Amino acid sequence: MPPARRRGGNTASTRSNQPVLSFGAKSRVTKPSAAPSTPSEKTKALEPLASAVSRKDASKDTSEEPENPHVTELAVRSQAKAEIQQPLSELDKQAAKITKKQLQEYWIREEAQSRGPRVHHENLSLDEKILRHFDLSSQYGPCVGIARIKRWRRADSLDLNPPIEVLSVLLKQEGTAGQRAYIDELLS
């Protein structure tokens, strides 16, 4: 036999503090907004960077870089600038000695490990192929929101043995352009 239902006094008084869900046209249930009304501390900290980058510099060609970069782009640029300004280590000196031929040999070895041809790599330079391969190599940690050179140095400090050829390509690039992972650009 099923258990008996218990009926207590006035049931309306126990539910009086709860909102009533009604499907009629007269009443509507709304949710309070979850978005904060003030900008976050990170956004406030990056505002000076945004204004500095958005100003056009007459000595630079801005055809490659967007005029109003995204906040993550600003953060990656500042990370890359900090990493590049560090004094050269022994690995940096070794990476600077790597020739174009050694980079080609490295890429041929990497291509040999691939199961099939890389379809979208037809129009890319050798340097960009190497960097994109590094971006998509998950064993070196996440690539979103971090400068490529900082990711390489972090992987090296964790003894993950990132390829020195990638560091060579990163050090040969001028300035902080190209320090953002390609997948990071796609996601934002």
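The values are calculated or read from the model by the stated rules, or taken from the named source; none is laboratory data. Keep in mind that this is a model prediction, so the values were computed, not measured. Cβ placement follows ideal geometry from the backbone for every residue including glycine, while neighbour counts extend to all protein chains displayed. Only protein heavy atoms, including side chains, enter the accessible area calculation; ligands, DNA and RNA are left aside. Shrake-Rupley method; radii C 1.70, N 1.55, O 1.52, S 1.80 Å.
The table that follows gives values for the structure above.
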| read-out | value |
| --- | --- |
| Subset of the range 164-188 that is modelled with pLDDT under 75 and part of a loop (DSSP other than H, G, I, E, B) - its residue that is surrounded by the most Cβ atoms within 10 Å (Cβ to Cβ) | 176 |
| All positions within the range 79-105 that are within 27 Å of residue 157 (Cβ to Cβ), assigned to a helix (DSSP H, G or I) and open to solvent by 30 Å² or more (accessible area, probe 1.4 Å) | 79, 81, 82, 84, 90, 91, 93, 94, 96, 102, 105 |
| Condition check for residue 108: modelled with pLDDT of 90 or more, part of a helix (DSSP H, G or I) and open to solvent by 60 Å² or more (accessible area, probe 1.4 Å) | yes |
| Criterion violated by residue 151 - all others in (1) without any contact (Cβ under 8 Å) to a residue 40 or more places away in the chain; (2) farther than 26 Å from residue 187 by Cα; (3) crowded, with 19+ Cβ neighbours inside 10 Å satisfied | (2) |
| Residue 144 being in contact (Cβ under 8 Å) with a residue 12 or more places away in the chain, closer than 22 Å to residue 74 by Cα, of a type in the set (Val, Ile, Thr) and not in a loop (DSSP other than H, G, I, E, B) | no |
| Residue 150 under 22 Å from residue 77 (Cα atoms) and among the basic types (Lys, Arg) | yes |
| Single residue of 76, 119 found to be among the β-branched types (Val, Ile, Thr) and open to solvent by less than 80 Å² (accessible area, probe 1.4 Å) | 76 |
